[in-house]
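The values are calculated or read from the model by the stated rules, or taken from the named source; none is laboratory data. These figures come from a predicted structure and were not determined experimentally. Cβ sites come from the backbone with ideal geometry, for glycine too, and all protein chains shown count toward neighbours.
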């Protein structure tokens, strides 16, 4: 076990090498081509990096964590493929979504088989760790599906509480980040308390991350975000902003928000007016304050992890860079 | 470990009791309702019964096999839900399919979460058996997805060989029956060779079972089968009959078959003419001979299983009853 730690760049490189070696060149091609396609679209590889960092934090062997990191990346991509069908999305990372490119049947089926391969890659672990990993992963994966269902439920709902919205993003997004980190801790044989503190760190960071995502859509810079501002508003999407704004608005503003969110107002007009109301209500400040609560909770949890402070630096910097996101 | 064996009826009852106790009454209801719906549609529970019988054969504890039996039933139902979307099917066991009843998004998502619960129920096993079960189940589940993809590939294909068709039904249908049995053997801690022989028995029986299914569609009695004869022909489905008939037919009959299978001939006329050609070519006899080859192979494999002949009786009778199927 070596004492020096890996940089995120080194871990990224190791992960991509592993991924290239396990690239699903199997038959029938019709089943495996969509898997290669979605994985090759790239992305930040945030979840597998978290697994590798979680392992590195406790001086675990990175080689042992690679299949587990791949498993979480496969699971994440499986959810993207199936969610894009459910959401009728056309683009993913500026490319056609899998069902647009290959048809819905192949998108469903290749997603299904990815899910099985998640367990195949977890299956690389030695038995004691495997068992712990499966317990954690199953619980998490079930939460993720429940979160997606809550998200689907919320879309046509008139009113959603902030509490329910936060639960939804915890389930749909945050627990997988938390799980990715804790799986790394399991690979490194960290004790349960440390693993749980790391989980809490990841969960709170994940909620914070999603809140910032909501904010970027309304207050980001188009050139940096890389997509049109106000996309969530245009789609009447429930976000922290739309929900909290409805809660804060006085009667006339509230009526206006309800009007814009429930009627087929031309998109440009809708976005313009809703953003005006968001500004008037001080939504940017309000959402940032909420995000910071989770940010603090995250770093408090990380403080509880019993490991040399020096070793936490990489993870802290990585988290800070994610939380400073402008895209 | 008791020496007396359970009848299929007793095992069925035990399974249904277990299932009722684990009936997915979770939140959000939108996610779990489709699971209860598909499971409550019934069916023969062939796969879980095979798991329980496989366990009973080697004097294993039925209680230990129940969660595993439930896992295979969940997996089977997950494939039904997703396959029905891919095949655009409207009816399943005389009821609306899950996506017809609850919409495609909920059908995809509840299928996904069922898949995760498969592993949750396998997770009831003690560690050594769990590991073996996961190895077998993953390999099988991957095969099942590949089989479904081959089936999708074959539908628009002009010609499919009998060899490829038999591989497809082995993957799509037979290996899961084989796996169900062998999982029972694993629960009972049977030795590997016995488990493999039982697997071969199940696999060959599964292929035989599917060939008989193909035959029922053309040569069954409508009142017994419970659906209109010639459904596969009406849908231009690749079956053993359509593939083998094309192989056996002389030029004029072959042309006719190609004409009927590729053109929008009125359904009644199409079914009538194709059945005429099947009769002329002696397809019933031919398909039965093929089915019997697998039937014999199945029982040869069962002969190899080293366990009191007396204990094999239940399984033999169950298999014989399946293979005498008229519905």
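Some observations on this one:
- Those helices (runs of 4 or more DSSP H) of segment B:163-258 in which 3 or more residues are at pLDDT below 95 and within 21 Å of residue B:270 (Cβ to Cβ) occupy B:192-219, B:231-234.
- Some residue of segment A:93-100 being at pLDDT 95 or above, on the phi < 0 side of the Ramachandran plot and facing chain B (nearest Cβ under 8 Å): no
- Positions within segment A:76-116 being over 25 Å from residue A:227 (Cβ atoms) and part of a helix (DSSP H, G or I), in sequence order: A:105, A:106, A:108, A:109, A:110, A:112, A:113, A:114, A:115, A:116
Quick grid of which residues meet (1) in contact with a strand residue (DSSP E or B) (Cβ under 7 Å, 6 or more places away or on another chain); (2) over 24 Å from residue B:13 (Cα atoms); (3) in contact (Cβ under 8 Å) with a residue 60 or more places away in the chain:
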position	(1), (2), (3)
B:77	no, no, no
B:84	yes, yes, no
B:93	no, no, no
B:97	yes, yes, no
B:108	no, yes, no
B:114	no, no, yes
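- Here residue A:160 meets each of (1) within 11 Å of chain B (Cβ to nearest Cβ); (2) over 28 Å from residue B:87 (Cβ atoms) with one exception, condition (1).
- Residue B:185 being more than 11 Å from chain A (Cβ to nearest Cβ) and buried (at least 22 other Cβ atoms within 10 Å of the Cβ): yes
- Only residues that are surrounded by 22 or more Cβ atoms within 10 Å (Cβ to Cβ) and within 8 Å of chain A (Cβ to nearest Cβ) were counted across segment B:121-132, and they come to 0.
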